[in-house]
Amino acid sequence: MNTAQRIAEIRRRLESALEPESLMIEDQGHLHVGHEGARDGRGHFRVMIVADAFDGMSMVARHRAIYAALGELMDSDIHALAIEAVASSEL
């Protein structure tokens, strides 16, 4: 899967599971060229997501919900994921 396909799949899964009000996915692979984790071909991404689904959740629970939505992509296609997860009510 190339980077554009990975981003599309990340978006699809997060939108399906969390119905975000706002979602931004950034490829940060260029920041990790030569990094050990970049050698296996998996990507480095940053996600900024705002969703009602996060209301009442701790930050750890929000991250777990994102990891659950992404499923096996965390093992097969994503090496590193920076997350900013905000509940809609916090804006």
Requested in this report: Among residues belonging to region 1-12 that are of a type outside the set (A, V, I, L, M, F, W, C) and in contact with a helix residue (DSSP H, G or I) (Cβ under 9 Å, 6 or more places away or on another chain), point out the one that is surrounded by the most Cβ atoms within 10 Å (Cβ to Cβ).
Outcome: Arg6
Requested in this report: Could you grab me the full set of residues in region 2-29 that are touching a residue at least 12 places away in the same chain (Cβ under 8 Å) and either small (Gly, Ala, Ser) or on the phi > 0 side of the Ramachandran plot (or both)?
Outcome: Ser16, Ala17, Glu19, Ser22, Gly29
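One line per residue, one yes/no per condition, for (1) surrounded by fewer than 19 Cβ atoms within 10 Å (Cβ to Cβ); (2) modelled with pLDDT of 95 or more:
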{"residue": "Leu14", "(1), (2)": "no, yes"}
{"residue": "Leu23", "(1), (2)": "yes, yes"}
{"residue": "Glu36", "(1), (2)": "yes, no"}
{"residue": "Ala51", "(1), (2)": "no, yes"}
{"residue": "Met57", "(1), (2)": "yes, yes"}
{"residue": "His63", "(1), (2)": "yes, yes"}
{"residue": "Ala85", "(1), (2)": "no, yes"}
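The values are calculated or read from the model by the stated rules, or taken from the named source; none is laboratory data. What you are looking at is a predicted structure, and each value in this text was computed from that prediction instead of being measured. A quick note on method: Cβ atoms are made from the backbone with ideal geometry, for glycine too, and the neighbour counts reach across all protein chains shown.
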